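So the structure is just underneath, and the comments pick up after that.
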Ligand code: BTN
């Protein structure tokens, strides 16, 4: 049965915030992020929501693949020209708003993942393209979100990923998209004006790592203590409090309670 996306209603809610906004739903594409980055490099930098019912080459962070079967996940990218004074914390803002829109049990795993009981529910991949208009530097943000709706294979993981239908009975991709897109569009405008700071408390309320022992991919061990006003992860280590800003550093909990 064909999926009904209700693109018109989404468009009506978002266009007042993002003039020129369009909504596009494709049955299949390699990757919604790849497509919007291709378009941006070709000069198409208007606000757009691109939804794919299936991706053949979905991408995750750190060069990983994002695999999802048709109907088993919600996969989309939102492309917007964005001009914040400070870009730090953008992925945290997106995660916070998506989690809040979908379910109280969803937690945030710094910097880009949504978790339910320590299992990954969703991931965020943000990429940017630069261009110049009339001598003024501009930046286009492509915000890709992939959310598991149905249970999926563990794919060699020790625990299978989480899925939204465990929290929200029989949810379909258009239901989740309709819930999260208006607050996400508004949050991007708020972030552009005020940065991450107004979202700090909201992020911390769902922080999956808070007060837990963590290990960083660079070998550092410590205890996570939430995030700073710029979104940096605060980790208490033997060398004192460290602020982790690089998204290239991955963090994993090593136990329930920190030292
Ligand atoms: C991650 O967990 O590492 C990020 C996953 C991001 C997946 C989404 S699905 C929609 C968009 N298109 C992609 O190719 N990736 C993002």
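For the stretch 25-41, how many residues are under 22 Å from residue 178 (Cα atoms), within 9 Å of the ligand (Cβ to nearest atom) and assigned to a loop (DSSP other than H, G, I, E, B)?
Residues that pass the stated criteria total 1.
So, in the stretch 96-108, exactly how many residues are buried (at least 23 other Cβ atoms within 10 Å of the Cβ) and assigned to a strand (DSSP E or B)?
Matching residues across the stretch 96-108 total 1.
Can you spot a residue in the stretch 122-137 that is assigned to a strand (DSSP E or B), within 13 Å of the ligand (Cβ to nearest atom), modelled with pLDDT of 95 or more and farther than 16 Å from residue 88 by Cα?
Yes, the stretch 122-137 contains a residue that is assigned to a strand (DSSP E or B), within 13 Å of the ligand (Cβ to nearest atom), modelled with pLDDT of 95 or more and farther than 16 Å from residue 88 by Cα.
Answer yes or no: is there a residue in the stretch 163-172 that is within 13 Å of the ligand (Cβ to nearest atom) and surrounded by 16 or more Cβ atoms within 10 Å (Cβ to Cβ).
Among the residues of the stretch 163-172, not one is within 13 Å of the ligand (Cβ to nearest atom) and surrounded by 16 or more Cβ atoms within 10 Å (Cβ to Cβ), which makes the answer no.
Of 83, 122, 178, which residue is in contact with a helix residue (DSSP H, G or I) (Cβ under 8 Å, 6 or more places away or on another chain), exposed (fewer than 14 other Cβ atoms within 10 Å of the Cβ) and closer than 25 Å to residue 23 by Cα?
Unique residue meeting the criteria: 83.
How many residues does the stretch 44-62 contain that are more than 8 Å from the ligand (Cβ to nearest atom), more than 20 Å from residue 102 (Cβ to Cβ), in contact (Cβ under 8 Å) with a residue 40 or more places away in the chain and not in a loop (DSSP other than H, G, I, E, B)?
0
Report whether or not residue 40 is in contact with a helix residue (DSSP H, G or I) (Cβ under 6 Å, 6 or more places away or on another chain) and either within 20 Å of residue 139 (Cβ to Cβ) or modelled with pLDDT of 95 or more (or both).
In short, no.
Could you look through the stretch 1-24, keep only residues that are within 19 Å of residue 173 (Cβ to Cβ) and assigned to a loop (DSSP other than H, G, I, E, B), and pick out the one that is farthest from the chain's Cα centre (by Cα)?
1
Does the stretch 63-78 hold any residues that are more than 7 Å from the ligand (Cβ to nearest atom) and either under 15 Å from the mean Cα position of the chain (by Cα) or assigned to a strand (DSSP E or B) (or both), and which are they?
Selection gives 65, 73, 74, 78.
A quick yes/no check of all residues on (1) surrounded by 15 or more Cβ atoms within 10 Å (Cβ to Cβ); (2) outside the structural domain of residue 168 (by TED's automatic domain parsing); (3) free of Cβ contacts under 8 Å to residues at least 24 places away in the same chain; (4) under 19 Å from the mean Cα position of the chain (by Cα):
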position	(1), (2), (3), (4)
182	yes, no, no, yes
218	no, yes, no, no
227	yes, yes, no, yes
234	yes, yes, yes, no
240	no, yes, yes, no
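Within the stretch 227-240, is there a residue that is modelled with pLDDT of 95 or more, touching a helix residue (DSSP H, G or I) at 6+ places or on another chain (Cβ under 6 Å) and not in a strand (DSSP E or B)?
Yes: one or more hits.
Among the residues that make up the stretch 186-195, is at least one of them assigned by TED's automatic domain parsing to the domain that holds residue 47, surrounded by 14 or more Cβ atoms within 10 Å (Cβ to Cβ) and within 23 Å of residue 116 (Cα to Cα)?
yes
Suppose the filter is touching a strand residue (DSSP E or B) at 6+ places or on another chain (Cβ under 8 Å), more than 16 Å from the ligand (Cβ to nearest atom) and on the phi < 0 side of the Ramachandran plot; does residue 18 pass it?
Yes.
Residues in the stretch 97-105: is at least one in contact (Cβ under 8 Å) with a residue 60 or more places away in the chain, in contact with a strand residue (DSSP E or B) (Cβ under 6 Å, 6 or more places away or on another chain) and under 22 Å from residue 61 (Cα atoms)?
yes
The values are calculated or read from the model by the stated rules, or taken from the named source; none is laboratory data. Bear in mind the structure is a predicted one, so any value in this text is a computation, not a measurement. We place every Cβ from the backbone using ideal geometry, glycine too, and count neighbours over all the protein chains shown.
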